[in-house]
Amino acid sequence: MTDLNLWYTRCPTPTPLGLAVKLGFLESALAQKSVGIQSLQSSPDEKVRASHFDHSQPWSFRQGGNIPPIHARASGRDTRLIGINWIDEFQAVITLPSSGVRNVAELVGKRLGVPRQPPGIIDFQRATALKGLLSTLQVAGIDRESVQFVDVATRAPQLGATTPGYPPELVRRLPYANEISQLIKGEIDAFFVKGAEGLSLAHQFGAVILSETGSHPDPAIRINNGTPRLLTVDGTLARERPDLVQSLLDAVDEAAQWAARNPDETRRFVAQEIGISEEAVHGAFGPDLHVKFSTSIDAQGLQAIDSFKAFLLAEGFIDDDYDLEAWVYG
């Protein structure tokens, strides 16, 4: 019997938290303190599931893309940052051969698709794409005024929701459907993709990869929603049960050590987590993915978050700034 139940969530990406859950490390560590865990995605309550994006559920923790937790904190949500995980990933601007565009320099005067979700939600997809596109233009020395950004309407993400007419096991649709449709129709000339899903999509359609910034030597270019990924907890959990925060950190550390010893199994886990092939995982995250699961707080990670927070503020994705150091747990 448990005395307390914690809620957890992670993005469908490589995360130490996801691995700690998969291997049972987290459940075992918390069970020793008579504490249970439950995934936000498993809740029938849409408001509870929405905490993946707005961090509203008490007694919860999250690891994944950094736009939702930054947005939540900027909006006044009581949360604390307890860890940073940096796994670089494939980030590219792609087009189709039929567009006639063969390199980044030829994007001048072209239409770049940028997703736009319905009003009232955290538009992390738009922020991610815009950052990737602007980084590409920056590397190429092209002013943003030299291209045309075109909105591509996309659906709001719904974790845990099923699609009528499809098997209930399919609870997640892969991204970029609207963007590739617009590209095929000739309504845009190029758009941004990332991760194993983006790499798979580009390969599936024989797309031309105009740039790849996920491996750029400058961290400021690589920084995006998934680079790095943040581990956050709600304020109540941080204040009232620091012992459980430590148990969480111990579990994700144990997962990182396991990953370092098991490269093939780690790649297989990530493929299952995303719902993509192992080959795409290898191509998107590289052969040394298994040694990149450590979660900590260091100067490079904090600088990256501060830089990306400044980008989100400047581009209007968050309305207010906040003290990064005050957000850090400890």
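Derivation of every value follows stated rules applied to the coordinates shown; laboratory data play no part. Model, not experiment: these values are computed from the prediction. Glycine also receives a Cβ, built like all others from the backbone with ideal geometry; neighbour counts cover every protein chain displayed.
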Tail weight of P(r) past 15 Å, computed on alpha-carbon pairs of the range 1-51, percent | 49 percent
Exposure proxy ranking, count of Cβ atoms within 10 Å, fewest first, for 71, 203 = 203, 71
Using only the alpha-carbon atoms of the range 91-222, report the extent along each of the three principal axes, biggest first, to the nearest angstrom.
-> 46, 31, 27
Taking H placed 1.01 Å from N in the peptide plane, check which residues at least 5 places from residue 114 or on another chain put their amide H under 5 Å from its amide H.
-> 150, 151, 152
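DSSP loop (so not H, G, I, E, B), at most 10 other Cβ within 10 Å: list which GluC sites (Glu not before Pro) in the range 134-240 pass both filters.
On the way: sites: 145, 169, 179, 187, 197, 212, 240; in loops: 169, 187.
Here the GluC sites (Glu not before Pro) that fit, given the DSSP loop and packing criteria, are 169.
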Given a cut-off of 12 Å, what percent of all Cα-Cα pairs of the range 187-247 lie beyond it?
-> 77 percent
Among (i) -0.46; (ii) -0.53; (iii) -0.61, the value of log10 I(q)/I(0) by the Debye sum over Cα atoms at q = 0.09 Å⁻¹ computed for this structure carries the label (i)
By Cβ neighbour count within 10 Å, fewest first, 243, 88, 123 rank 243, 88, 123
For a footprinting-style exposure proxy, rank 22, 292 by other Cβ within 10 Å, fewest first.
-> 22, 292
Pairs from 131/185; 22/185; 33/131 whose Cα-Cα separation, in the structure shown, is over 31 Å = 22/185; 33/131
For the range 26-138, just the Cα set please: Rg and Dmax, both in angstrom.
-> 19.2, 61
